[in-house]
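Right, one structure below, let's go through it.
The values are calculated or read from the model by the stated rules, or taken from the named source; none is laboratory data. Bear in mind the structure is a predicted one, so any value in this text is a computation, not a measurement. FYI the Cβ positions are ideal-geometry reconstructions off the backbone, even for glycines, and counts take in every protein chain you see.
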Amino acid sequence: MILTSFFLFLVGFVLIGVASTKYHTHTTEDYLLASQNIKPWLVGFSFFATENSGFMFVGFVGMAYAQGLSALWVLVGWYVGEVTILWWTGRQIREQTSAIKADTYSNLLSRWTGQEFSAVRKVSAVIVMVFLGVYGAAQLSAGSKALHVLMDWNYNTGALIGFVIVVIYCAAGGIRASIWTDAAQAIVMFASLIVLVAAGLSNIGGLAVLMQKLEAIDPKLTVLIPGDLKFGFLPFFLGWLFAGLGVLGQAHVMVRFMVIDHAKNVRRALLYYLGMVSVLAVLCLIVGMLCRVALPELAAGDAELGLPMLSSQLLPDVMVGLVLAGLFAAAISTADSQILSSSAALTRDLLPQWGGSYIMTKIGTILVASIALGISVSGYNDVFTLVTFAWSVMAAGFMPLVCLLVLGKTPNQGQSLAIMFIGIAASVAWHFSSLAPHVYNVLPGILAGFVAYAIFARGPKPVQQTQQEPMTELKVANG
């Protein structure tokens, strides 16, 4: 019965994605940007499903299992940062996308000032491909963990199922199919968590009893402010706040605001998102804490297996299928977006000779999905670490540059590259230092990017080698 209900949901996702092709114009522009006519409620739902992936259902649940109530600050900082920065910049990003006729995230960065910075476009495309590939692989791994727990299937089986589903509807309908299925997946994600939390609290005797049991296990689990932080609470919180600000560096998320029907609707989409993630944060936190009480054996094992194990312990088979579908939906709703953004970077930015071909664009999608699958089955399954590392690198590399552009600054190509490289280098160095557990490495990475600009902007202005190219010529050059 678990498999039946699970596969019915998966078939439904595929059918919804394929149905979106009814509105598809069979052009590369529509494949990548959905003709920029997506309604704000769909963008809000899609942002929610894309952003809250296997990281939430698997990675964050594992973190809440280990840390208890104080894990909530990760999400508070993250979501406040995201909504704040997009509330300020989202409208300008949408307007600039149309103004310069950008069709990819790298294209937007490289042409924002009206000039074509080809090195910025290619370097940013490589970063997007590499780290979104890793990020997408983490999503396939998240789905694999659920199937491994509930069905005792090999980890690679779940990754392969996710790969096939994503390829079917992404190759069929591009970004429009991704957004349509995101909306359906968001509903299933919510329904599955509500069912599981209701069953868990009912079984344990309510929220107050849950907190009492957690305190009996370890008093630290019920403390709201973590007390073992090297630099104190504020830098810890700022690290996760900057993680949210780093959404500007996530190509798979930003494309949602590039395709919205009108710039004035960006904030409406963000309100939909804020309402949903506020509830999601509480639900996932409770699931993690329920797992700590109900599954004490995971303290010495893999806490990221908590959600599927809890569902199998508490729910009837039909509802277990719903939870499994919700977890899988969370994973593939992010994986599809990352694969599409990576394939856009490949076919439009790195291999522009492919960009004008609708068929080659689809082949690029399949190729990138295959790479993500290869990473997923390589054997490394720590979803939380993979996601937070990939996110931090892209946030540190791109967020300072986007902020400067929105502020009206005009860094030249050399300065833009310096901002990206120095930000990424600082983030990676911090990640591998002993300081990483105390302050998330997005914070030093982003600050390093801004410092790099402040230093290089004071130097002598380089002589401009070429004059600004007309936008009409740029459009032709880019397919």
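Listed here are the residues, each with its yes/no results for (1) out of contact with any helix residue (DSSP H, G or I) (no Cβ under 7 Å at 6 or more places or on another chain); (2) of a type outside the set (Val, Ile, Thr); (3) farther than 25 Å from Leu405 by Cβ.
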{"position": "Gly206", "(1), (2), (3)": "yes, yes, yes"}
{"position": "Met211", "(1), (2), (3)": "no, yes, yes"}
{"position": "Lys220", "(1), (2), (3)": "no, yes, yes"}
{"position": "Leu238", "(1), (2), (3)": "no, yes, no"}
{"position": "Leu248", "(1), (2), (3)": "no, yes, no"}
{"position": "Met258", "(1), (2), (3)": "no, yes, no"}
{"position": "Val277", "(1), (2), (3)": "no, no, yes"}
{"position": "Val282", "(1), (2), (3)": "yes, no, yes"}
Q) In this structure, is Asp218 of a type in the set (Asp, Glu) and more than 20 Å from the chain's Cα centre (by Cα)? A) yes
Notebook entry, point to check: When you look at Glu82, is it surrounded by fewer than 19 Cβ atoms within 10 Å (Cβ to Cβ) and under 22 Å from Ser342 (Cβ atoms), yes or no?
Noted result: no
The residue that is modelled with the lowest pLDDT, considering only those in region 206-232 that are in contact with a Ser or Thr (Cβ under 7 Å, 6 or more places away or on another chain) and in a loop (DSSP other than H, G, I, E, B), is Pro226
Q: Would you check if Leu245 is crowded, with 21+ Cβ neighbours inside 10 Å, over 30 Å from Leu346 (Cα atoms), within 16 Å of the chain's Cα centre (by Cα) and at pLDDT below 95?
A: no
Taking region 35-58 and keeping only residues that are crowded, with 18+ Cβ neighbours inside 10 Å and either of a type in the set (D, E, K, R) or part of a loop (DSSP other than H, G, I, E, B) (or both), one is left with Glu51, Asn52, Ser53
From the option list Gly158, Gly162, Gly174, Gly200, single residue qualifying as under 26 Å from Leu340 (Cβ atoms), out of contact with any Gly (no Cβ under 7 Å at 6 or more places or on another chain) and either free of Cβ contacts under 8 Å to residues at least 24 places away in the same chain or not aromatic (Phe, Trp, Tyr) (or both) is Gly174
Output yes when any residue across region 22-39 is at pLDDT 85 or above, hydrophobic (A, V, I, L, M, F, W, C) and under 23 Å from the mean Cα position of the chain (by Cα), and no when none is. yes
Checked region 257-272 for anything crowded, with 19+ Cβ neighbours inside 10 Å, touching a strand residue (DSSP E or B) at 6+ places or on another chain (Cβ under 8 Å) and either part of a helix (DSSP H, G or I) or of a type in the set (Asp, Glu) (or both); matches are Val266, Ala269
* To do: Within region 67-86, identify whether any single residue is under 30 Å from Leu350 (Cβ atoms), out of contact with any Phe, Trp or Tyr (no Cβ under 6 Å at 6 or more places or on another chain) and among the polar types (S, T, N, Q), and answer yes or no.
  => no
Original post:
Does region 353-366 contain at least one residue that is under 21 Å from the mean Cα position of the chain (by Cα), of a type in the set (Val, Ile, Thr), buried (at least 17 other Cβ atoms within 10 Å of the Cβ) and within 22 Å of Tyr155 (Cβ to Cβ)?
Top reply: no
Asp152: passes all of (1) of a type in the set (D, E, K, R); (2) on the phi > 0 side of the Ramachandran plot; (3) buried (at least 20 other Cβ atoms within 10 Å of the Cβ) but (3)
Only one of Gly275, Gly246, Gly288 is in a helix (DSSP H, G or I), at negative phi and free of Cβ contacts under 8 Å to residues at least 12 places away in the same chain, namely Gly275
Counting only helices (runs of 4 or more DSSP H) entirely within region 386-479, those with at least 2 residues that are modelled with pLDDT of 90 or more, within 21 Å of Phe236 (Cβ to Cβ) and of a type outside the set (A, V, I, L, M, F, W, C) are 413-431, 442-456
Here the residues within region 6-34 that are assigned to a helix (DSSP H, G or I), in contact (Cβ under 8 Å) with a residue 24 or more places away in the chain, surrounded by fewer than 18 Cβ atoms within 10 Å (Cβ to Cβ) and not hydrophobic (A, V, I, L, M, F, W, C) are Gly12, Thr21, Tyr23, Glu29
